Every structure is written in C-alpha cells, then in structure tokens.
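Each remark here refers to the structure printed beneath this line.
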Amino acid sequence: MAGTISGIVQDGKVVSSTPLPDGLNVQILVPEAVGEKQGDLRDETAGWRVGSAEASDGVEEKLRAILQGTKVLATRQPRYSMEEFAQRGTEIYERVVQPTLKPEHVDLFLAIDIESEDFELDVNDCKVTDRLHERRPDAQIWLMRVGHPAAYRIGRPLGNGGLG
Amino acid sequence: MIAGTVNPRFEIIIPFSIHDAKVQLHDIEAILDTGFSGSLSLPPPVIAALGLPFDSVTVAQMADGSIRQYANHLATVVWDGAERAIRVAALDSVPLLGTQLLIDFDLRARFQVGGEVEIKAIQ
C-alpha cells in the first residue's frame, strides 16, 4: 500500500484518517506552515471560556456536557492559516473568478478551492461547498458572497462571548 | 414546532439537538440572534469535541463594520423534528442561532422573563 493519506496529531500521536494495517512503515511529511497553522486555530479558542456564575440558563451547562462527554475525531482539517485562506482566496477571486461573473451572480455564495482554483456558485451556503467537495474531496475552501464585503454578518459582539 | 424561552437577560434561548461525527445526538441551547445571518455558531472547543468536519474558511462583517475570518464546519441538527445539514461557525461566543434557520418559520416570543417562544413552520 502506497500513497498519501492525511491525518492529524492527537495527544502527541499521528492519527490517520484511513485505518492502516499494523506494522506498516510510514513516513510523516509535516507541512511547512503546520506550527503557524495550529497556533492560529488555538488562538481562536483563547478568547473563549466556559464558566460564569451569572449564567442563568442551561446554555453553558449543555456545552460543558459536550466538552466532558465527547471526543470525536474530525476527518477534514484546514491546512492553511485563516490569513492564508483570505489572501489566496481574494487573489484567486480577483484573477480567476471576477472576470467570469455576471450581474445575476450578485448575492450568491462563492466557494473557491485555494489549491486547485476551482470554484462554485450557489444561493445556498451548504450546497455551494458540498458541490465543490464532490468535485474536489480534498478542497481547501474559501467561502465568500458575490458583491458583499463578507459572506455573513454577525450583529453580536464576540470575544468571551458575553459569558461573563 | 420548536419551543424556546426568554431568559432573565431577555435573550431568546432555543433548545435543539446536534449530531456529533459518530451520529450521536447532543442537546444544545443557543441564543437567537437576528443579527447573525448564518445558521449556528459554536465555540471552537465544542466543535472539536463533536468532531464536526472542517468545511471552509469564511468571513463575516461584524456590527461595527469590521471583517472577521473564521472556520465553518459541517453539522446536522434536528430542527423542528427533521434532520437538517447546516454550517456551524467556529466563534468565540455563546452559541448563536442565526436567521438562516428561521427561513420559512414563524417566530413568536413573549418578552417577559420565562416567556414562551414558538418557532413554527409556515404552512
């Protein structure tokens, strides 16, 4: 058996996304940006905390139950930092996608694979990335919305999440 | 019909359930935020614990006009008795329920502490 199989590091061990036979010799190729990438994702969690004595509803209690009771390994992971997604995505949008757009594409969600530069357009944010993943199962997708500064809007202030 | 409640901070709390990557159901509650145009946000550690697969990196415009990038993950929730595939935003926040899950539903809320909230499919 030969080929490239992806996986993630969990508790210091490499966990492959595909079951591998015992005794198989493997080589682990660490992507250059890996340290930076994981730091980036960890930074995202840093501002969030569970625990507020003032909490008057079960919202946090439910979250805590999930954090304590579950450990499931996700199969698909990002391979770039948020900044790299934004930079590459924007660059591909301007160079490859924008010249092909028509006025009727305004308001559609746009999913761009920042590796293959393939893209899909759809009114639905689930369908658009599903379709790109069907064509490119390993796609690293930058999701935006044609004619908008962002794909979504969020009205509520974030960071510590109003938990305190 | 989905039944929620108004909490003492006058926020609308909606209970529902979400599948983890092993298709086990977990009860969850989220604050309804009509300023959020997505479906659901969850804190990154909760997304990791549920094993929700990474879908894409996307971008949102915040209330102050600033732009913020975050990851979207795949999830299936049970919404009004039916399974529904959604995207979950990984955000440092209490779970937020956005307007995308309200499309084709009526929303009625009694804004008193403990007041009843009804989210009902439009017939």
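Taken residue by residue and averaged, Cβ atoms of other chains lying within 10 Å of the Cβ of B:14-24 number 2. Near A:H133, once Lys and Arg are set to +1 and Asp and Glu to -1 for all other residues with Cβ below 11 Å from its Cβ, the sum equals -2. Taking one quarter of the surface of the convex hull spanned by the alpha-carbon atoms of the stretch B:2-121 gives a direction-averaged projected area of 7.4 nm². When nucleic acids and ligands are ignored and a 1.4 Å probe is applied, B:T76 ends up with an accessible area of around 40 Å². Taking amide H positions as modeled 1.01 Å from N, with prolines and chain starts lacking one, the residues under 5 Å from A:R76 and 5 or more places away or on another chain are B:F54.
The values are calculated or read from the model by the stated rules, or taken from the named source; none is laboratory data. Just so it is clear, the model here is predicted, and its values are computed rather than measured. Because the Cβ atoms are built from the backbone with ideal geometry, glycine has one as well, and the counts that use them run over all protein chains shown. Surface accessibility is based on the protein's heavy atoms, side chains included, excluding ligands, DNA and RNA. Shrake-Rupley method; radii C 1.70, N 1.55, O 1.52, S 1.80 Å.
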